[in-house]
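The values are calculated or read from the model by the stated rules, or taken from the named source; none is laboratory data. This structure is a prediction, so every number in the text was calculated from the model and none was measured. Here the Cβ positions follow ideal geometry from the backbone for every residue, glycine too, while neighbour counts run over all protein chains shown. What goes into the accessible areas is simple: the full protein's heavy atoms, side chains included, and nothing from ligands, DNA or RNA. Shrake-Rupley method; radii C 1.70, N 1.55, O 1.52, S 1.80 Å.
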Amino acid sequence: MDAAIAALEKAFALLEEETAGDTIACSPGCCECCTDRVTLSTLEGRKILDYLEKTGQTGLLARLVPVLPERYRPLVTVNGYARICMEGREAPLEPEGETGVCPFLTGGRCPVYPVRPLACRVLVSKARCMAGGAAEMPSCWLTRNMLYTQWVEHLDRQGLFGNLADVLLALSGHLAARAVLVKNRPAPCFSAPPEHREQALRLLARLQKTLA
């Protein structure tokens, strides 16, 4: 196992610990948030592909349609957006488009749940979600989610970022899918509102230890 994957697994384990006391309404079969707009880094994608191979589920990749024109595709990463804001530039408008169902979802369950990406891990809600995955969470959870998102991108700062389908297809050798991904960026800073500064500093200190 390479160092980046090991650090990612430690960060995910820390997230499980940090969220253990949260009261959420999510439960098995609750899949309103399981949409086709999930994004991830190539580092997370490598874990998913490895899991599919180890569990004999590589057939799921056939559900990923190469370079679907209407697929949601982010134009900038979270750390890229942070850099744009620091430099006082205007960020590009993200595409909207229709929201569909995650191509992996099977009978209301996630077949890659143990290695689900960070975007899925942090999207939890204190109340049952409405259609489309509109979650209800305290602002301190949002701060925590943002810090983890920036951290995971920083771990994979030499990699790429995009829609789950595009990332997995790109890692499987589809050059057209790779062409629509965006480059990850190192974190120029970590964002947190003033009222969550102590929370953010504590969490960043713990995340830093995962690199040891």
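Table for the structure above
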item: Subset of segment 2-29 (residues that are surrounded by 15 or more Cβ atoms within 10 Å (Cβ to Cβ) and either of a type in the set (Asp, Glu) or more than 20 Å from Leu203 (Cα to Cα) (or both)); result: Glu18, Ile24, Cys26
item: Selection count, segment 125-177, where residues are under 16 Å from the mean Cα position of the chain (by Cα), in a helix (DSSP H, G or I) and closer than 25 Å to Glu198 by Cβ; result: 15
item: Output for segment 57-75, where each listed residue is among the aliphatic types (A, V, I, L, M) and open to solvent by less than 30 Å² (accessible area, probe 1.4 Å); result: Leu60, Leu64
item: Exclusive hit being assigned to a loop (DSSP other than H, G, I, E, B) and touching a Cys at 6+ places or on another chain (Cβ under 9 Å), set Ala25, Ala82; result: Ala25
item: Qualifying residue in segment 16-38 (condition: without any contact (Cβ under 8 Å) to a residue 40 or more places away in the chain and of a type in the set (D, E, K, R)); result: yes
item: Any pair with Cβ under 7 angstrom, 6 or more apart, that starts in segment 189-212 at a residue that is under 13 Å from Ser139 (Cβ atoms) and ends at one that is open to solvent by less than 90 Å² (accessible area, probe 1.4 Å) and among the aromatic types (Phe, Trp, Tyr); result: Ala200/Phe190
